[in-house]
Amino acid sequence: MKEIRWHGRGGQGAKTVSQILAQINLREGKHVQAFPEYGPERSGAPVRAYNRISDEEILVHSGVYHPDIVVVIDETLLESENPTEGLKPDGVLIVNSSRSEDEIRRTTGFRGRIVALDATKIAQEAGTGYPNVPMLGAVVAVLGTDPKIAEEELKETLSHRLPPEVVEKNLRAFRAGYEAAKGVYVGG
């Protein structure tokens, strides 16, 4: 079983992409969970979202305390929160940042694998403005999930609420995030 913890701020879409990730892996025939954690805070307040993905039935129904992957959508949370808390030593930290992996390692002290991608820049270049979708692409790459299945699910999900040209922009952002993280596979 793979456990993922997403860190973001209200309005950045951590909850949304955690739910889309669950749907992607459901399409692959996996057992999944996706759930958010936030209080009555307003937009901009720190939020967390979680995923569990397994080939077997998931019998755990608690929080995610020792994730395999931590995703940080807003890099300011590296200083104000402790996103690497509980992250397995052989896990992967994926951060939306223009800083290098070494700089992030110095900031966090995390010794495992780090993937840094400028998801904000990717989103701006794609025309979406939201870094959550490129970060989803990075997670799909790190998990080794089939990117074609992921794109199909993303397209289907977004098509229910966005015009086709915006869906296409998000698909471009997803692909760029996927390419930025390709090669860091956690398997299993």
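Summary value for the chain: 21 percent relative contact order, contacts being C-alpha pairs under 8 angstrom separated by 6+ residues.
Close amide H contacts of residue 95 (hydrogens built in the peptide plane, cut-off under 5 Å, sequence separation of 5 or more or a different chain): 72, 115, 116, 117.
Can you compute the charge dipole magnitude of the range 1-129 about its Cα centre, using +1 on each Lys and Arg Cβ and -1 on each Asp and Glu Cβ, nothing else charged? Give it in debye, rounded to the nearest 20.
On the way: 16 positive and 19 negative charges, 21 e Å.
Roughly 100 debye, rounded to the nearest 20.
Remark: the range 150-165, residue by residue, has Karplus-estimated 3J(HN,Hα) of 4, 5, 4, 5, 4, 4, 4, 5, 6, 5, 6, 9, 10, x, x, 5 Hz, where x stands for each Gly or Pro and the curve is 6.51 cos²θ - 1.76 cosθ + 1.60 at θ = phi - 60°. The order of the peptides 16-23, 56-63, 145-152 by mean Cβ neighbours within 10 Å, most packed first, is 16-23, 145-152, 56-63.
Compare the peptides 121-134, 88-101 by average per-residue count of other Cβ atoms within 10 angstrom and give them in order, highest first. Walk me through the numbers on the way to the answer.
Working: 121-134: 20.8, 88-101: 18.4.
Most protected by this proxy first, the peptides run 121-134, 88-101.
What does the charge add up to near residue 27, with Lys and Arg as +1, Asp and Glu as -1, over the other residues with Cβ less than 9 Å from its Cβ? Walk me through the numbers on the way to the answer.
Values: positive: 30; negative: 28, 146, 152, 153.
Charge balance near residue 27 sits at -3.
Since every read-out is calculated from the coordinates, none of them should be taken as a lab result. The model shown is predicted, which means the values in this text are computed figures rather than measured ones. All Cβ positions, even for glycine, are placed from backbone atoms using ideal geometry, and neighbour counts span all protein chains on display.
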